[in-house]
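The values are calculated or read from the model by the stated rules, or taken from the named source; none is laboratory data. In this text, all values refer to a predicted model and were calculated from it rather than measured experimentally. Backbone-built Cβ (ideal geometry, glycine too); neighbour counts: all protein chains shown.
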Amino acid sequence: MADTLYCYHCGQHHPKTEMRQIETKGARRWRCIKSIEAAKKGREAREAFGRQTTDTNKAEAQSKLKALLNPEWLSD
Ligand SMILES: [Zn+2]
């Protein structure tokens, strides 16, 4: 257990080589690289999903607007 550190994020001990010291609210704490990377990826994935959803909504709103302005479009 000599080469492990307590990870405040997981509430577990991980090998020292997998840990990074970070500062939160003025306190230094150890957090594992895995959880840091997972959080980063999670945020990127959420942002990508958010962008995608916004684009889809925009395209949908636009086609609905076109249909409203040109009703003959739909019956053709
Ligand atoms: Zn951890």
*asked:* Out of the residues in segment 27-53 meeting the condition of being over 13 Å from the mean Cα position of the chain (by Cα) and of a type in the set (D, E, K, R), tell me which one is farthest from TYR8 (Cα to Cα).
replied: LYS34
_Inter-residue pairs, beta-carbon under 7 Å, first within 16 Å of GLU37 (Cβ to Cβ) and in segment 4-25, second small (Gly, Ala, Ser) and assigned to a strand (DSSP E or B), 6+ apart_ = none
*Residues within segment 17-70 that are within 23 Å of THR4 (Cα to Cα) and among the aliphatic types (A, V, I, L, M), tallied*: 7
*Could you tell me whether segment 54-62 includes any residue that is within 13 Å of the ligand (Cβ to nearest atom), of a type in the set (S, T, N, Q) and either over 22 Å from the mean Cα position of the chain (by Cα) or modelled with pLDDT of 90 or more (or both)?*
no
*Cβ-Cβ under 6 Å pairs, at least 6 apart or on other chains, segment 49-68 side at negative phi, far side in a helix (DSSP H, G or I)*: ALA67/LEU74
